[in-house]
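Notes follow once the structure below has been shown.
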Amino acid sequence: MAFNSTEAFWLLLLLPILVIFGLGFGFFRKRDRERFAEPELYSVLSRSNSGMKRILKRILFITGLFFLVIALTEPRFGMRTEIVRRMGVDIVIALDTSYSMLAEDVKPNRMSQAKYEIIRFIDSLSGDRVALLAFSGKSFVQCPLTSDYGAAKTLLESIDVGIIPESGTNIGEALQGSMKLLAKGSEAESESQLVILFTDGENLSGNPERQASEALSRGIRIFTIGIGTKDGEIIPIRDEKGALKDYKKDEKGNVVKTALDEKALMTIADISKGEYLRTINGEINIQEIIDHLGLMRKADIHERKISRLKERYQIPLGASILFLLAYLIVGERRRKAINYRLKEV
């Protein structure tokens, strides 16, 4: 058994106070009665009243108040099972973990900025499910579809550059992995599915246009988020303490410079009827994605069974009403009239 409003139990302290007040009132009433008439005369005058009924009425009144207080505590006992359904959109966030995401043309670097924007986006969600997919040359699911946004953000923090052994950038692999994740883990229709791609757009392998066309055929839209600048930046290599060690170089020993490939990201978004967004002054207009989610069709994406205690306040409330009604109905006079005549006292 549990109680929703345990503070109501304090009202029970009023009951003994009422009893004490009633006893005090009876004492003063007796004193006034003695002033009114001699005991023998008063016993004759009050012979039609029943002392037992008077006591019974007081017991009924106090008991009614007791059950009323118990009802105010909102007792709960007995289990009931409910099915809770959640309406929303299933979203896969694919995050580029290639070494080009270490470029510092957006501060502190592209990876940190992308993770910051993803956290901002997750914090804006309500009722939707989100999944995380990390990719470079290959992709893997970091977090399956979930409505536990705290867990998703915790798993996001463990994603970093170089987390995937196979280097390079294969955007087509990321899109294919995102669609597989939705096909396997989502019960929503395609109109309620969305892929958001966070990358600098440099695609070193794969065919993202073909995967974007497949997404279009499934009705899945792709939002591409460009992280970086068109002018580009060289890729620093830092030690564990953050000190600069060197710059990333290609096989010929030349310093690698990476730039945002907006054209590729626009093409992917256009093919899938999605949208392309890029960082402006280091940040992304997340509100544009949120507005798009608001226009998307919501699906029954999740249901679960919840066992809860049943509300039982009706039982003590009903008992309280019965006792208080009995208090009002029961009279203080004896059932049969008693004939008597006055005698001289």
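Throughout, read-outs are computed from the coordinates displayed, never taken from laboratory work. Because the structure is predicted, anything quoted here is derived from the model rather than measured. Note: ideal-geometry Cβ built from the backbone for every residue, glycine included; neighbour counts use all protein chains shown.
Subtracting the Cα-Cα distance of Asp270 and Lys180 from 0.36 nm times their residue separation leaves 30.3 nm of extension gain.
In this structure, the amide hydrogen of Ile196, modeled 1.01 Å from its nitrogen in the peptide plane, lies closer than 5 angstrom to those of Val92, Ile93, Ala94, Phe223, counting only residues at least 5 positions away or on a different chain. Taking 0.36 nm per residue of separation and subtracting the Cα-Cα distance, full extension of the segment from Lys245 to Ile321 would add 19.2 nm.
In segment 85-303, taking the dipole from charged Cβ atoms about the Cα centre, the farthest positive-side position among Ala243, Ile227, Ala151 is held by Ala151.
Apply 1/(1 + (r/R0)^6) to the Cβ-Cβ distance of Val256 and Met87, taking R0 = 41 Å, and write down the FRET efficiency to the nearest 0.05. The computed FRET efficiency comes out at 0.35. Kirkwood's formula applied to the C-alpha pairs of segment 85-303 gives a hydrodynamic radius of 17.3 angstrom.
Placing dummy labels 7 Å off each Cα toward the beta-carbon, the span from Asp160 to Thr146 is 2.0 nm. Label positions at Ser213 and Glu288, each projected 7 Å from the Cα along the C-beta direction, are separated by 2.6 nm. The DSSP beta bridges internal to segment 85-303 are antiparallel in roughly 40% of cases. Counting other Cβ atoms within 10 Å as a rough exposure proxy, the listed residues Lys248, Lys310 run Lys310, Lys248 from fewest neighbours to most.
Fewest-first ordering of Leu197, Leu328, Leu145 by other beta carbons within 10 Å of each residue's beta carbon gives Leu328, Leu145, Leu197.
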